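In what follows, a structure is listed as structure tokens, so that the remarks can point back to it.
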Amino acid sequence: PARYFDTKTTEPISFFLTGLEELLAWQPNSNDEFNVSAVPLAKRQPPLHSGRPRTLVCHDMRGGYLEDRFIQGSATRNPYVFYHWRYIDIFVYFSHHTVTIPPVVWTNAAHRNSVPVLGTFITEWTDGEKLCEAFLAGGEEAYGAVAEQLARIAQHYRFDGWLVNIENKLSAAAVGNLPLFLQDLTARVHSAVPGGLVIWYDSVLKDGTLRWQNELNDQNRMFFDACDGLFTNYNWKEEQLEHTQRLAGPRLNDVYVGVDVFARGDVIGGGFDTDKSLRLIRQFGLSAAIFAPGWVYEHLGKENFLQNENRFWGSLAEYLPTHSICTLPLTTSFSLGMGTSTFLDGKDEDSGPWYDLSAQDIQPLYPEQQGTLSTSCCLQDAWCGGSSLQLQGTIPPGEERVAVRLFSLQMPAPPKLFLTLLYKLEGPQPDDFTVALEVTTWDSGICFEGNPTSLPEPNGRYHPRFLPAPPPGLAKLLAACHRGSHGWTSRLRDLSLIVSRQQPSLQETPFTCLLGEIRVLDTASVAASPPQVQGVTASQLWWQ
């Protein structure tokens with residue numbers, strides 16, 4: 001069927017639904033299996049609802065369902081990828097189709113990096129008016145059927161909820177039922193999807209007129225009260241943020257103030273000035289909704305996309321509270337889910353472009369320190385997948401080393417850890433440097449929900465003892481690593497890379513280091529044998 005398989009290649013594709021009939025007729029189908037996310041939402045610290053402002057990203061690019069619709073990847077050169085997951089809290093896939101089901105490759109990549117994904121339910125123009133009249137003015141049975149289908153779709157494809165965007169005027173009967181529909185949808189999504197969310201876009205008012213408010217006020221508050229959050233329009237001024245802050249009360253973090261990166265209309269910031277909007281939004285303690293950050297790709301072009309993307313997100317980093325990894329094992333080859341070649345064990349196995357966000361690895365923080373350090377993605381050389389992480393910097397005169405924080409971790413520290421690092425020093429004199437990992441811990445008496453970048457100083461720094469060869473058996477490794485904890489418990493805090501020079505020097509020394517893979521394993525769970533795979537089925541087979 002053309003909905004599920006590309007007519008040119010017969011490959012499985014992600015799809016949307018158009019109109020009320022298609023939505024109400026939707027049923028799970030054996031052709032669906034490719035579209036079900038295979039990656040559960042990874043846990044994070046602090047949790048999403050932890051009393052700090054959040055960051056939502058709304059991805060809107062040329063109508064959606066581009067090369068990202070190919071579930072098993074495509075040979076796309078210079079595709080759009082998003083990888084600053086540590087800095088955002090919610091990802092919305094947006095298009096102008098009635099029911100936008102997020103392409104499963106996005107759900108897989110986001111979930112691996114602890115970010116929930118929302119689809120979009122939108123009605124617009126006169127067709128939207130008719131559609132709303134049909135299901136909202138029709139009463140509880142009609143709007144209940146729509147809410148039920150939307151909740152079932154999110155549950156079936158394993159994404160995390162909906163952005164609801166009614167961009168057309170409504171009759172008195174329809175707008176009267178709208179808060180009830182939102183309440184019903186929110187309750188059904190919460191019950192069907194653990195951690196599910198429904199967010200309302202600032203559009204129609206309580207009297208049914210379509211007029212964007214750019215704030216939370218008495219005209220749109222009943223819709224905010226009926227669901228998990230409000231995503232405001234983009235043409236706000238400072239006094240509207242102040243008004244919103246006053247009215248939101250304890251639900252301050254549930255208001256996502258819209259920021260259009262394309263800077264359409266009368267807006268503050270946009271483009272490389274987006275930090276100006278975020279600075280104001282955060283002054284009032286509000287959450288932010290960054291709309292169409294694909295501006296970097298669409299406006300500045302594909303050629304230097306990765307450098308421009310790092311510059312864009314780097315300029316916002318001070319306003320984006322990051323989240324930490326809180327489960328082990330942590331293993332990553334830093335692949336972006338795209339490349340100009342496919343690498344395996346450091347060898348270029350297959351030259352040629354590829355794009356598959358489901359193959360994107362857990363992404364690190366991308367720290368920048370003006371003048372001394374930059375972190376970027378290197379497509380020319382990798383250990384596994386399509387890219388490695390390139391660290392370039394200088395060790396200042398008189399100093400011996402530079403530390404780069406790659407991951408923030410928040411979890412009880414196991415008694416024994418096994419770390420592996422694959423790296424490559426480049427440049428004229430690689431033998432002048434040594435590279436090591438450092439793990440820091442802090443006292444578990446401190447429970448911290450703020451921004452991990454402002455944590456207290458660590459009270460333990462650990463440099464793993466170097467094993468000249470991988471251990472032949474883990475039993476020997478465990479015996480060699482045994483240390484008593486004497487009743488103290490620590491929490492893992494950061495995983496950093498240390499680049500040191502072999503000889504002290506009064507000159508500044510530049511270095512370039514490629515990281516191919518990092519693994520942090522709790523040795524106790526590594527020793528346990530993995531669960532047996534059971535009930536394997538193969539479907540969708542045909543011979544050619």
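List the relative contact order of the stretch 16-321 as a percent without decimals, with contacts defined as Cα pairs under 8 Å and 6+ residues apart. Present the calculation step by step, with values, prior to reporting the outcome.
On the way: 599 pairs, mean separation 55.3, N = 306.
The value is 18 percent.
Report relative contact order for the stretch 97-244 in percent, whole number only (criteria: Cα-Cα under 8 Å, sequence separation at least 6).
Numbers: 265 pairs, mean separation 30.7, N = 148.
That works out to 21 percent.
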Tilt relative to the chain, helix 125-135 - C-alpha long axis, 0 to 90 degrees, to 10: 80 degrees
Cα centre as origin, Lys/Arg/Asp/Glu Cβ charges: the stretch 16-321 dipole, Debye: 980 debye
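Which order do 16, 433, 181 take when ranked by solvent-accessible area (1.4 Å probe, heavy atoms of all protein chains), largest first? Could the numbers behind the result be given before it?
Numbers: 16 65, 433 20, 181 0 Å².
Sorted descending by solvent-accessible area, the residues read 16, 433, 181.
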HN-Hα J in Hz across the stretch 428-440 - Karplus 6.51, -1.76, 1.60, θ = phi - 60°, x for Gly and Pro: x, 10, x, 6, 6, 10, 10, 10, 8, 9, 10, 10, 10
Relative contact order of the stretch 304-422, pairs being alpha-carbon contacts under 8 Å that are 6 or more residues apart, as %: 27 percent
10 Å binning of all Cα-Cα separations within the stretch 287-381, expressed as whole percents from 0 upward: 12, 38, 38, 12, 0
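Would you list 198, 435 from the most to the least accessible area, probe 1.4 Å?
Highest to lowest solvent-accessible surface, that is 435, 198.
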Residue 31/residue 299 FRET efficiency (R0 30 Å; Cβ-Cβ; nearest 0.05): 0.20
D (Stokes-Einstein, µm²/s), Kirkwood Cα radius, the stretch 16-321, 1.002 mPa s at 20 °C: 109 µm²/s
Residue-averaged [θ]222 nm for the chain, counting only DSSP H segments that reach four residues, each worth -39500 (n - 2.57): -6500 deg cm²/dmol
Peptides 187-193, 104-110, 163-169 ordered by average Cβ neighbours within 10 Å, highest first: 104-110, 163-169, 187-193
0 to 90° range, to nearest 10: angle between helix 140-157 axis and the chain longest Cα axis: 20 degrees
Cα gyration tensor of the chain - equivalent ellipsoid semi-axes, whole Å, descending: 42, 27, 23
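Kindly provide the Kirkwood hydrodynamic radius of the stretch 214-257 in Å, to one decimal, from all pairs of distinct alpha carbon atoms. Mind dumping the intermediate values first?
Details: mean 1/r = 0.0975 Å⁻¹.
When all Cα pairs of the stretch 214-257 are included, the Kirkwood radius is 10.3 Å.
So for 416, 302, what's the accessible-area order with a 1.4 Å probe, most first?
Details: 416 45, 302 100 Å².
Putting 416, 302 in descending order of accessible area: 302, 416.
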Accessible area (Å², 1.4 Å probe, nearest 10) - residue 291: 20 Å²
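Can you give the % of DSSP beta bridges in the stretch 16-321 that are antiparallel, to the nearest 5?
On the way: 4 of 34 bridges.
For the stretch 16-321, the DSSP antiparallel bridge percentage is about 10.
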For the stretch 167-176, 3J(HN,Hα) per residue [Karplus equation, 6.51 cos²θ - 1.76 cosθ + 1.60, θ = phi - 60°, Hz, x = Gly/Pro]: 10, 7, 6, 10, 5, 4, 5, 5, 5, x
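Say R0 is 45 Å: what FRET efficiency, to the nearest 0.05, do residue 217 and residue 75 get from their beta-carbon distance? Could you put the intermediate results ahead of the total?
Values: r = 50 Å, r/R0 = 1.10.
For R0 = 45 Å, the calculated efficiency reads 0.35.
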Nearest-ten-degree value, helix 305-316 long axis tilted from longest Cα axis of the chain: 80 degrees
Magnitude of the charge dipole, the chain, Cβ model with Lys/Arg +1 and Asp/Glu -1, debye to 20: 1380 debye
Gain on full stretching of the segment that runs from residue 524 to residue 3 - 0.36 nm per residue minus C-alpha separation: 182.9 nm
Separation between Cα centres of the stretch 495-531 and the stretch 262-332, rounded to whole Å: 28 Å
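Applying 1/(1 + (r/R0)^6) with R0 = 41 Å to the Cβ-Cβ distance of residue 318 and residue 180, what FRET efficiency is obtained, to the nearest 0.05? Spell out each step's value before the answer.
Values: r = 41 Å, r/R0 = 1.01.
The calculated FRET efficiency here is 0.50.
The values are calculated or read from the model by the stated rules, or taken from the named source; none is laboratory data. Note that the structure is predicted; figures quoted are calculated from it, not measured. Ideal geometry is used to build each Cβ from the backbone, glycine not excepted, and the neighbour counts take in all protein chains shown. For accessibility, only protein heavy atoms count, side chains too; no ligands or nucleic acids. Shrake-Rupley method; radii C 1.70, N 1.55, O 1.52, S 1.80 Å.
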